[in-house]
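To keep things clear, I will list the structure first and then write my remarks on it.
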Amino acid sequence: MHSAQRRARLGGTGWALRLAGGMCLAIGGALALSQAAAASPPWFTRTQHSEAQWFPRAGMGLFMHWGIHSVAGIQPSWAMIKDYPHGYDPRYHPLERYYTLADQFNPGQYDPDKWMAAAKRAGFTYAVLTAKHHDGYCLWPTQFGVRGTLQYMGGRDLLGPYVEACRKHGLKVGLYFSPRDWSYPGYPVGDVQFDYNKRGKHPAVDPVANQRAFDEFYEFTIGQLGELLTRYGRIDLLWFDGMGWHGVDDIRTRQTIEWIRKLQPWIVINNRWGGVGDYGTPEWRGPQKRPEGWWEHCISWNGHWGYNPRGAFRSTAWVLSTLCQNRAWGGNFLLNCGPAPDGTMPAGFYGCCDELAQWMSHSRESVIGAGPGPWPEGANVPITTRDDVWYLHFVDQQVNQARVTGVPKPVSAKLLRTAQALSFEHAEGTLIIGIPPGLRTDRDDVVSVCFDLVPVEAAP
């Protein structure tokens with residue numbers, strides 16, 4: 001049988017590893033992720049558009065929270081909430097103090113081309129920039145609302161250069177958009193009066209007047225979204241972050257998603273508008289078990305979501321360990337770094353990108369474009385897969401040998417970083433393979449193991 005006939009992509013249907021004794025280990029069906037989360041309403045189907053299928057194998061995205069909060073190096077929006085447990089700063093409550101930052105935000109050294117060039121080298125395949133956070137400040141000259149570059153920068157557009165830089169360097173274009181807008185008059189903030197101590201203590205409202213207010217707010221929100229989805233050409237990903245209105249149950253989720261798909265049929269949408277979308281977004285702490293459907297783990301790279309001039313970057317070893325574990329379960333890793341108010345990246349960003357780029361130069365294939373593997377149920381190390389190759393990720397310094405069960409004898413094995421062939425043991429469907437001590441590093445050492453994949457139809 002020719003090599004091309006033997007190969008199959010994990011995650012498709014009907015492929016197996018041929019085992020000793022004529023048995024087969026079906027991996028496509030067992031490891032394929034469900035088409036949509038069980039909680040999705042009957043009308044919703046995860047995007048089937050052919051140009052949206054890049055997402056589950058994207059691997060790694062760069063998240064960037066940028067806005068007026070960057071001037072003070074504080075948590076975006078939440079810093080104005082009195083006594084908020086994750087980022088409150090008394091200098092920026094009440095909200096009038098926070099919004100004075102808009103007068104100082106005017107990035108004179110903004111160069112997203114440099115950002116995206118470094119991101120590309122580091123292995124990022126998509127990017128997500130905050131077009132509007134909860135504070136309502138817009139990075140483009142929107143005709144809706146009173147806080148944005150139209151009012152404070154003479155109509156300067158900060159999104160256009162970002163979109164073009166992504167396209168130039170081959171990254172998918174993502175936009176973060178917060179439907180909740182605390183600058184909108186009368187918006188029912190969960191922390192009533194911007195005080196965490198009053199969270200959820202909304203006054204009684206007239207249902208008719210409240211519905212009318214929501215309808216007006218919805219039209220305002222759709223106006224902004226319409227601008228984002230029509231003035232910049234192709235947008236690959238839309239990252240919502242919360243939509244709700246106290247006292248209103250129907251927040252028009254179906255209407256909104258169907259409208260977005262008419263404007264941008266190929267777009268991928270997260271599930272933070274009404275809990276419905278193409279993928280889930282576990283935040284900070286990663287999932288404790290393999291999630292269903294498409295998903296993405298998001299976390300800050302250097303302390304909090306916004307620009308953090310005093311925040312130390314997490315180690316490259318930690319980034320690679322988290323990345324490979326997410327990929328072993330079929331998820332992406334969205335790593336956040338907030339740009340400085342002048343438009344530069346914080347100290348350490350480019351050095352960390354260089355370290356990632358060095359690792360990607362030899363082991364990129366094991367995470368970017370790779371599929372999930374049988375971990376931890378079938379192995380003591382995270383596993384990713386590509387065609388007839390499984391990648392064993394040695395991320396735990398206490399683990400000196402990988403043990404994989406239920407597999408046939410491999411054709412070959414090698415350390416990706418050096419391309420050096422490695423010896424292994426195989427008996428009764430169990431593979432044991434180690435990396436010589438002199439070849440271990442403090443980062444993810446990847447061993448590629450080549451099997452002989454055959455189609456199920458051809459297996460006896």
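The values are calculated or read from the model by the stated rules, or taken from the named source; none is laboratory data. None of the values given here were measured: they were computed from a predicted structure. Reconstructed Cβ throughout: ideal geometry from the backbone, glycine too, with neighbour counts over all protein chains shown.
Summary table
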item: Some residue of region 90-97 being surrounded by fewer than 24 Cβ atoms within 10 Å (Cβ to Cβ), among the acidic types (Asp, Glu) and modelled with pLDDT of 95 or more; result: no
item: Complete set of residues in region 128-159 that are of a type in the set (Val, Ile, Thr) and at pLDDT below 95; result: Val146
item: Residue selected from region 215-234 under the condition surrounded by fewer than 19 Cβ atoms within 10 Å (Cβ to Cβ) and of a type in the set (A, V, I, L, M, F, W, C), by the criterion nearest to the chain's Cα centre (by Cα); result: Ile222
item: Single condition Val276 does not satisfy, out of (1) hydrophobic (A, V, I, L, M, F, W, C); (2) buried (at least 17 other Cβ atoms within 10 Å of the Cβ); (3) within 19 Å of the chain's Cα centre (by Cα); (4) under 18 Å from Tyr126 (Cβ atoms); result: (4)
item: Residue in region 402-443 that is nearest to the chain's Cα centre (by Cα), counting only those that are among the aliphatic types (A, V, I, L, M) and farther than 20 Å from Trp359 by Cβ; result: Val404
item: Pick from region 173-184, criterion in a strand (DSSP E or B) and out of contact with any Asp or Glu (no Cβ under 7 Å at 6 or more places or on another chain), ranking: nearest to Leu95 (Cα to Cα); result: Phe177
item: Lone unmet requirement of (1) assigned to a helix (DSSP H, G or I); (2) more than 27 Å from the chain's Cα centre (by Cα); (3) among the hydroxyl-bearing types (Ser, Thr, Tyr) for Tyr187; result: (1)
item: Breaking point among (1) in a helix (DSSP H, G or I); (2) of a type in the set (A, V, I, L, M, F, W, C); (3) surrounded by fewer than 16 Cβ atoms within 10 Å (Cβ to Cβ), for Leu150; result: (3)
item: Residue list for region 169-192, restricted to those being among the hydrophobic types (A, V, I, L, M, F, W, C) and under 27 Å from Arg121 (Cα atoms); result: Leu171, Val173, Leu175, Phe177
item: Pro56 vs. criteria touching a residue at least 24 places away in the same chain (Cβ under 8 Å), within 30 Å of Thr385 (Cα to Cα), touching a Phe, Trp or Tyr at 6+ places or on another chain (Cβ under 8 Å) and not small (Gly, Ala, Ser); result: yes
item: Which listed residue, of Gly170, Gly155, Gly145, Gly108, is in a loop (DSSP other than H, G, I, E, B), touching a strand residue (DSSP E or B) at 6+ places or on another chain (Cβ under 9 Å) and surrounded by fewer than 22 Cβ atoms within 10 Å (Cβ to Cβ); result: Gly145
item: Tyr162 vs. criteria at pLDDT 95 or above and in a strand (DSSP E or B); result: no
item: Filter pass, Arg254 being assigned by TED's automatic domain parsing to the domain that holds Leu356, closer than 22 Å to Asp215 by Cα and out of contact with any strand residue (DSSP E or B) (no Cβ under 6 Å at 6 or more places or on another chain); result: yes
item: Among the candidates Pro112, Pro107, residue that is touching a Phe, Trp or Tyr at 6+ places or on another chain (Cβ under 6 Å) and either farther than 16 Å from Ser178 by Cα or of a type in the set (Gly, Ala, Ser) (or both); result: Pro112
item: Lone qualifier among Arg252, Arg212 - being more than 30 Å from Asp113 (Cα to Cα), basic (Lys, Arg) and surrounded by 17 or more Cβ atoms within 10 Å (Cβ to Cβ); result: Arg252
